[in-house]
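Notes follow the structure.
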Amino acid sequence: MHYIKTQRSHMIDRSTGIRHRILMFQGFQMIRFALIFLTVLAVACPPAQAQRPAPGCKAPTAVCQASARVFAISSYDPVGSAVLIEPGLLVTNRHVVADNPRAQVFMSDGSQRIADVVPTTYPGDLILLRLEGLVVQQPLTIGTAEIDQQVYAVGADVGRGTIRAYLPGRVVAVPPADKPLARVHHSARSQPGNSGGALFARDGSLVAIIASGGEGRNEAIPIAEIAKLKTQSGPDQALPSARIGLAYRKCSEALDTVRGGNQNMAPSNVEFLYTQCLATGNRQLYDDAGRTLGRQQFLDQALDLFEKSLEQDPNGLNTRLSMAISLHVAQRYEDEIPHLRQLIDALPTDPQVLRLAIQAGKWGGDDILAQKAYALLLEHHPQLKPVAERFMQQPPPPRRGSVAPK
């Protein structure tokens, strides 16, 4: 095992990414219809009724009952989730629909309905869907996320082809008062297909809309943001909404193209990716683009995107770790150290954080940080003692591209 991990191709992506392209979703019959057929179908079908609660739900009764408000949908992303917040009105993530004007909504009885996307200029990752006749009997209770609160993620389960209430977790951070686009950070289990789903408190109250996550560090948008979303949505927002949605599409497609290829990016492609992802205003796309550009050694652009993401939400640990990695690769150890101090307090058992802190501490002149990280490494990962001890006693000079020591 090598304590120093080199080369950009080995940089660890700490996020599952914002888009999960699932080509087959068993149980939800992912059929793409022509636009005219979608419109005819929506008119011809009887009023939609809300689906039953998540089958086999093992969460508290209140959460299981509230899960009837969560639907599987398909739009720009083949699989996503949406939450019914009032009769005929659902909310989902903007990245699930991008610039599509409609979304397919799946009922628990196997039927499908077509919802219209409500144009919006809301700057966060939320958008409304309108589907007349969609109702539930269970009243909606709105709550507020609080530190250490037990929460449950409910969304579309790709593997099972049903709506599912996942194992619970805890709220670990809530948005600072001066950061309107910051998110609720939680540890409740979540997986691809859950984007746009619900984060419920134990009493069944809806506290947030699931957005993204990775490595057990997941994010959701506070439910209070829906009030802002409503005021910034409607037909008069159609043109600016289309521009924002197109940026989502272009950014996501550019990311897919880079991920699917093995060649270095041309400067024009770097500028296109950077510009389009920045135009979305979505911090998770900032992170995805930053990681992609970082692997390609376009570190200035990557660091700028991570900085803008942290400006929106300073609690984003995945973002901060990506920032630290990029600064490490750039050999900017003194700039990296403040991020590592925060990370080591939040993630004291994470081996990559500890390795980065040992290296940056030694190379950046913060021996206290290095000693703290070394002590934690010995406590939580004693098998790494020999190589870590050698590094502490006689650190080699840094090498260009050094990143995650192993």
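The values are calculated or read from the model by the stated rules, or taken from the named source; none is laboratory data. Keep in mind that what you see is a predicted model, and the values were worked out from it rather than measured. Cβ placement follows ideal geometry from the backbone for every residue including glycine, while neighbour counts extend to all protein chains displayed.
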Looking at Lys228, Lys250, which one is touching a Phe, Trp or Tyr at 6+ places or on another chain (Cβ under 8 Å), assigned by TED's automatic domain parsing to the domain that holds Ser187 and among the charged types (D, E, K, R)? Lys228
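To keep it simple, each residue is scored yes or no on (1) modelled with pLDDT of 95 or more; (2) in contact with a Leu (Cβ under 7 Å, 6 or more places away or on another chain); (3) under 21 Å from Ser212 (Cα atoms).
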site: Gly260; (1), (2), (3): no, no, no
site: Phe272; (1), (2), (3): yes, no, no
site: Thr275; (1), (2), (3): yes, no, no
site: Ala279; (1), (2), (3): yes, no, yes
site: Leu285; (1), (2), (3): yes, no, yes
site: Arg291; (1), (2), (3): yes, no, yes
Counting just the residues of the range 371-391 that are under 31 Å from the mean Cα position of the chain (by Cα) and of a type in the set (A, V, I, L, M, F, W, C), which one comes out nearest to Ala357 (Cα to Cα)? Ala373
Run Val258 past the list (1) aliphatic (A, V, I, L, M); (2) in contact with a strand residue (DSSP E or B) (Cβ under 7 Å, 6 or more places away or on another chain); (3) surrounded by fewer than 23 Cβ atoms within 10 Å (Cβ to Cβ) and report the number of the one that doesn't hold. (2)
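Just to confirm my filter: which helices (runs of 4 or more DSSP H) fall fully inside the range 305-406 and include at least 1 residues that are crowded, with 21+ Cβ neighbours inside 10 Å and in contact with an Asp or Glu (Cβ under 6 Å, 6 or more places away or on another chain)?
Details: elements: 317-329, 333-346, 351-364, 367-380, 385-393.
Fully inside the range 305-406 and qualifying: 317-329, 333-346, 351-364.
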Taking the conditions exactly as written (touching a Lys or Arg at 6+ places or on another chain (Cβ under 8 Å) and not in a helix (DSSP H, G or I)), does Gln276 satisfy them or not? no
Please determine whether any residue of the range 205-226 is surrounded by 15 or more Cβ atoms within 10 Å (Cβ to Cβ), part of a loop (DSSP other than H, G, I, E, B) and at pLDDT below 95. yes
When you go through Ala103, Ala156 one by one, which is the residue that is within 25 Å of Gly316 (Cβ to Cβ) and either surrounded by 24 or more Cβ atoms within 10 Å (Cβ to Cβ) or assigned by TED's automatic domain parsing to the domain that holds Arg243 (or both)? Ala156
The residue that is farthest from Arg183 (Cα to Cα), considering only those in the range 279-304 that are in a helix (DSSP H, G or I) and of a type in the set (Gly, Ala, Ser), is Gly294
Report whether or not Tyr274 is buried (at least 21 other Cβ atoms within 10 Å of the Cβ) and either in contact (Cβ under 8 Å) with a residue 40 or more places away in the chain or over 17 Å from Ala98 (Cα atoms) (or both). yes
Condition check for Val172: assigned by TED's automatic domain parsing to the domain that holds Cys64, surrounded by 24 or more Cβ atoms within 10 Å (Cβ to Cβ) and on the phi < 0 side of the Ramachandran plot: no
Six or more apart or on different chains, Cβ atoms under 6 Å: show the pairs whose first residue is in the range 56-84 and at negative phi and whose second is of a type in the set (D, E, K, R) and buried (at least 24 other Cβ atoms within 10 Å of the Cβ). Asp77/Arg19; Val83/Arg69; Leu84/Arg69
